[in-house]
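> First, the structure itself, so that you have it in front of you.
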Amino acid sequence: MPAHFWPDLIAVAGGGVIGFLLTVFGGGGSVLATPLLLYGVGVADAHVAIGTSAAAVAVNAAAGLAAQARAGRVKWPCALVFGGSGLIGALVGAQFAKATPAGPLLVWFALAMGLVALSMLLPRRSVGDPDVHLTPALTRRLAPVGLVTGLAAGFFGIGGGFLIAPGLMAATGMTLANAAASSLVSVALFGAATSASYAASGLVDWPLFGLLVLGGAAGTAIGLPAAKALAGRADLARRLFALMILATAAYVAKRALA
């Protein structure tokens, strides 16, 4: 196979991984998307890698959200309050990121990856209230947490799924399954806001975006049955994935500092 086809194949395969992880865990794939584009596909500009990956993550999250909604797992009122407040933060964060030089931005990105991985290693609650309803008190807790999470997602160009799901659980007491499904509302919104900001500055590679989305569709299709199959081993899978993210974060930091 000609060498110039390899970056395209890597992009499609990477999109598949992103779609799979979003469907199974409600997040996680986006944190690997930027390193994949930089060091796997060979995108030279870190800002283009962030803008393109954010656009693809938004589309893949929307596809996963549609599947979760059909299964009745999305707590729409809570998800919309969280995502709506976070949308403002994502737009502000993206503006700060575009004004940050690529080297320091990648160092901060590696730090965020490490924190996400460590959060994944923390014990997870498997129970919660499956009948949670939005109240004024919940709204007052959800909005500020959503705003801060959106700011981080916009700055680092990640969907923030592993930040959103714990935030939803802490603020509302909903189950992990409901939080993972509901988090996709915010992942899609934050990714769309971040990528729109980058696109307005000409920092999205649209052909590459198409390849990521193509792979993401396949990853989502594979992820739906895998989510059921991994239900009893989700903690083990999450820990292994967290270790992979830590290793990737160390590599990104090393390259950025060099």
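The values are calculated or read from the model by the stated rules, or taken from the named source; none is laboratory data. Model, not experiment: these values are computed from the prediction. No Cβ is skipped: glycine too gets one built from the backbone with ideal geometry, and neighbour counts run over all protein chains shown.
> Is it the case, given these coordinates, that Gly114 is at pLDDT 85 or above and either within 17 Å of the chain's Cα centre (by Cα) or not acidic (Asp, Glu) (or both)?
Numbers: at pLDDT 85 or above: no; either within 17 Å of the chain's Cα centre (by Cα) or not acidic (Asp, Glu) (or both): yes.
Here the answer is no, as Gly114 does not meet what is asked.
> Another question, then. Determine which single condition Ile158 fails, assuming it passes every other condition in (1) under 17 Å from Ala33 (Cα atoms); (2) in a helix (DSSP H, G or I); (3) at pLDDT below 90.
Among (1) under 17 Å from Ala33 (Cα atoms); (2) in a helix (DSSP H, G or I); (3) at pLDDT below 90, the lone unmet condition for Ile158 is (2).
> Is at least one residue of the range 186-198 farther than 12 Å from Ala55 by Cβ, among the small types (Gly, Ala, Ser) and buried (at least 24 other Cβ atoms within 10 Å of the Cβ)?
yes
> Within the bounds of the range 58-73, is there any residue that is in a loop (DSSP other than H, G, I, E, B), without any contact (Cβ under 8 Å) to a residue 12 or more places away in the chain, out of contact with any Gly (no Cβ under 7 Å at 6 or more places or on another chain) and not acidic (Asp, Glu)? Show your work before the answer.
We begin by selecting, within the range 58-73, every residue in a loop (DSSP other than H, G, I, E, B); these are 71-73.
When the remaining residues are screened for being without any contact (Cβ under 8 Å) to a residue 12 or more places away in the chain, the result is 72.
Applying the additional criterion that residues be out of contact with any Gly (no Cβ under 7 Å at 6 or more places or on another chain) yields 72.
Applying the additional criterion that residues be not acidic (Asp, Glu) yields 72.
Yes.
> Right, next: Within the range 59-91, how many residues are among the small types (Gly, Ala, Ser) and buried (at least 24 other Cβ atoms within 10 Å of the Cβ)? Reasoning before the result, please.
Here is the first cut: in the range 59-91, the residues among the small types (Gly, Ala, Ser) are 61-64, 66-67, 69, 71-72, 79, 83-86, 89-90.
Remaining after also requiring buried (at least 24 other Cβ atoms within 10 Å of the Cβ): 61, 64, 79, 83, 86, 90.
Final tally of qualifying residues: 6.
> Which residues, counting only those in the range 36-45, are surrounded by fewer than 24 Cβ atoms within 10 Å (Cβ to Cβ) and assigned to a helix (DSSP H, G or I)?
Residues satisfying the conditions are Leu36, Leu38, Tyr39, Gly40, Val41.
> Inside the range 92-111, can you point out the residues that are in a helix (DSSP H, G or I), surrounded by fewer than 20 Cβ atoms within 10 Å (Cβ to Cβ) and of a type in the set (Gly, Ala, Ser)?
Ala102, Gly103
> Suppose the filter is within 24 Å of Leu168 (Cβ to Cβ), assigned to a helix (DSSP H, G or I) and among the small types (Gly, Ala, Ser); does Ala49 pass it?
no
> Suppose we keep only residues that are aliphatic (A, V, I, L, M), in a helix (DSSP H, G or I) and at pLDDT 90 or above within the range 193-211. Which one would you say is nearest to Gly89 (Cα to Cα)?
Only one residue tops the list, namely Ala196.
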